[in-house]
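Report on one structure; see the data block that follows.
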């Protein structure tokens, strides 16, 4: 079902009482536990990424298809359903990044890499594409996401306040930027996730994120897989999980 097709039927409905927590910590202020420095990344093309190797690719807290938990519950407004899930994804992603933030530095991650030949760029105030160190890029993303979550005109929390007609496009943009953070963590810091034995939790979060985005058309396949000459690393994970029936 398309969120963009469904939202037109619900834009005029009265909103329910607030159900989102008032704040989400940003990466700049989130304390993470200390652990040994990250291992140097393997040489490009030297081996298959660990997140695609068994048993890590199958590690999850939830087994089977995620269809049930991404479908719209009965009596729930579609816009609120999308909004509250985006809030949860932002919060949980920020918590996970906070855990590996000590390993993500301008030295270890000089670019926002998400594949052997892919570096995401940031659009500055002059509309120019600039390469940033991954921690700077992610801090910009997390700050931007938090500002949107705190904006009453974008995420209304007061009874009687409606969502803006532009909310679907805003939600899709937020989803695209969160995908980039996920992609960088998988590409550059999955071994740090394994070091913490958190791969079932992180895999489950990302699978839920992908399944929800697929269900409500918040993700474009081109964003997940990238270009032929610059593929996104997690694009192969998307295909693998589809084969396993997790995203169907």
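Every number in this text was worked out from the coordinates using simple rules, so none of it is lab data. What you see is a predicted model; the values in this text were computed from it and never measured. In this analysis, Cβ positions are derived from the backbone assuming ideal geometry, glycine residues included, and neighbour counts consider all displayed protein chains.
Would you be able to say whether some residue in region 183-199 is within 24 Å of residue 71 (Cα to Cα) and surrounded by 16 or more Cβ atoms within 10 Å (Cβ to Cβ)? Taking every residue of region 183-199 in turn, none turns out to be within 24 Å of residue 71 (Cα to Cα) and surrounded by 16 or more Cβ atoms within 10 Å (Cβ to Cβ). Residue 49 meets the conditions (1) closer than 30 Å to residue 147 by Cβ; (2) surrounded by 19 or more Cβ atoms within 10 Å (Cβ to Cβ); (3) over 16 Å from the mean Cα position of the chain (by Cα) in every case but one. The failed one is (1).
Counting only residues that are touching a residue at least 60 places away in the same chain (Cβ under 8 Å) and within 16 Å of the chain's Cα centre (by Cα), give me the helices (runs of 4 or more DSSP H) lying completely in region 147-248 with at least 1 of them.
Those helices (runs of 4 or more DSSP H) span 167-195, 199-215, 234-243.
For region 60-91, a tally of residues being within 21 Å of residue 167 (Cα to Cα) and part of a helix (DSSP H, G or I) returns 15. Output yes when any residue across region 141-151 is crowded, with 23+ Cβ neighbours inside 10 Å and touching a strand residue (DSSP E or B) at 6+ places or on another chain (Cβ under 9 Å), and no when none is. Within region 141-151, one or more residues are crowded, with 23+ Cβ neighbours inside 10 Å and touching a strand residue (DSSP E or B) at 6+ places or on another chain (Cβ under 9 Å).
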